[in-house]
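Here the structure is laid out as structure tokens; the discussion comes afterwards.
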Amino acid sequence: MSHFLNIESIQEQHLIHEDIRVDGISILDDVHKLENHYTDFKHQFDGLIISFCSKGTMTVKINFKPYEIRAGSIIVVLPQLMIDPIQVSGDFQIVSIVMSIDFISAFPILRDFITNNEIRWNPVINSSIPENNLFGDFVNFLKKYYFNKSGNKNTRKTVLQYLIFALITSITDSYSSLSQGSGIVRKRVDEIIDNFYALISKHARSERRVHFYADKLNLSPQYLTTLIKNQTGKSVNQWIEHVVVMHAKSLLSSTSLSIKEISQELNFIDSSSFCRYFKRCTKLSPNSFRCK
């Protein structure tokens, strides 16, 4: 059985005090202690996770592939990917930054980050020791700032957003240096999923039909639907909705475009259709989301 987590459930399970909580983000020590039997805790998170391991080892499947986490490892888990812990050493220590899509939507450029295929298929970075020390120092500073109760919550949220933006920019540099010949052998099914993600990232603004993506991949809609559901745990339509809503949230939070203009930008017939679609996916109207 797979557990589905969101930022609120994580804050509650880790007993993050109300005075510390910032909407859309939590910074956690030893996130593996979320459950008593973590190695039986297969789960998905609806936002972005960035973690830094400072001690010990962990074996985990991310997106159905096994990885070895060790001291100095940087782990980036994109939204909705399956996390299946296999083994955790007794001395394992990790700091995790968990963020909702809403939290990072203030920076439209981050849409490219959370739909990046290189990151999706390379969630664990083991770079040089000096780089890791710098990254660890940055993460520890973020943790100290997060747990500092002084200051206005809105100000803390803004500062954290910019610090996260800097952090992700640094991580992106690490990925751009990864060679294509990294030794990871992709099977045909991986290539299809990879290409599907690339297509929805590029076309979901204007195309929400399963047939469109199946035609682009030279597959039958039924085969594509079955493959994506079996391999990712989400249907083709759910993935399309995920990307469309991500674009919509970014436009609502980072631009002054009207609801009508956003509906046109996302190729809806009219603003009413867009509002119904957005509310069905998020339980909020576009205006309610914008006013949060």
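The values are calculated or read from the model by the stated rules, or taken from the named source; none is laboratory data. The structure presented is a predicted model; accordingly, all values stated were derived computationally and were not measured. Backbone-built Cβ (ideal geometry, glycine too); neighbour counts: all protein chains shown. When the accessible area is computed, the model is the full protein with side chains, heavy atoms only, and any ligands, DNA or RNA have been set aside. Shrake-Rupley method; radii C 1.70, N 1.55, O 1.52, S 1.80 Å.
Quick notes on this one:
- Residues that are over 18 Å from residue 203 (Cβ atoms) and buried (at least 19 other Cβ atoms within 10 Å of the Cβ), drawn from the range 260-292: 278, 286, 289
- Checking residue 33 against (1) at pLDDT 75 or above; (2) open to solvent by 60 Å² or more (accessible area, probe 1.4 Å), the condition it does not meet: (1)
- One residue stands out among those in the range 1-30 that are small (Gly, Ala, Ser) and within 17 Å of residue 145 (Cβ to Cβ): the one that is modelled with the lowest pLDDT, which is 24.
- Taken over the range 235-271, the criterion of being small (Gly, Ala, Ser) and not in a loop (DSSP other than H, G, I, E, B) is satisfied by 248, 250, 253, 254, 263, 271.
- Filtered residues of the range 149-160 (kept if under 29 Å from residue 125 (Cα atoms) and open to solvent by 30 Å² or more (accessible area, probe 1.4 Å)): 157, 158, 159
- Unique residue being within 20 Å of the chain's Cα centre (by Cα) and modelled with pLDDT under 85 when the list is 172, 158: 172
- Any hit, the range 103-121, residues being modelled with pLDDT of 75 or more, of a type in the set (Gly, Ala, Ser) and buried (at least 20 other Cβ atoms within 10 Å of the Cβ): no
- All positions within the range 58-78 that are crowded, with 19+ Cβ neighbours inside 10 Å and in a loop (DSSP other than H, G, I, E, B): 63, 72, 73, 78
- Matching residues, the range 245-257, being of a type in the set (Gly, Ala, Ser), within 13 Å of residue 291 (Cα to Cα) and in contact with a helix residue (DSSP H, G or I) (Cβ under 9 Å, 6 or more places away or on another chain): 253
- Pairing residues of the range 54-67 that are within 20 Å of residue 29 (Cα to Cα) with residues that are of a type in the set (Val, Ile, Thr) and open to solvent by 80 Å² or more (accessible area, probe 1.4 Å), at Cβ distances under 7 Å and at least 6 apart in sequence or on separate chains, gives 59/86; 60/86.
- Selection over the range 88-103 of residues that are farther than 27 Å from residue 249 by Cβ and either within 11 Å of the chain's Cα centre (by Cα) or not charged (D, E, K, R) (or both) gives a count of 6.
- Scan of the range 211-234 for residues that are assigned to a helix (DSSP H, G or I) and open to solvent by less than 30 Å² (accessible area, probe 1.4 Å), ordered by number: 213, 214, 224, 227, 228, 232
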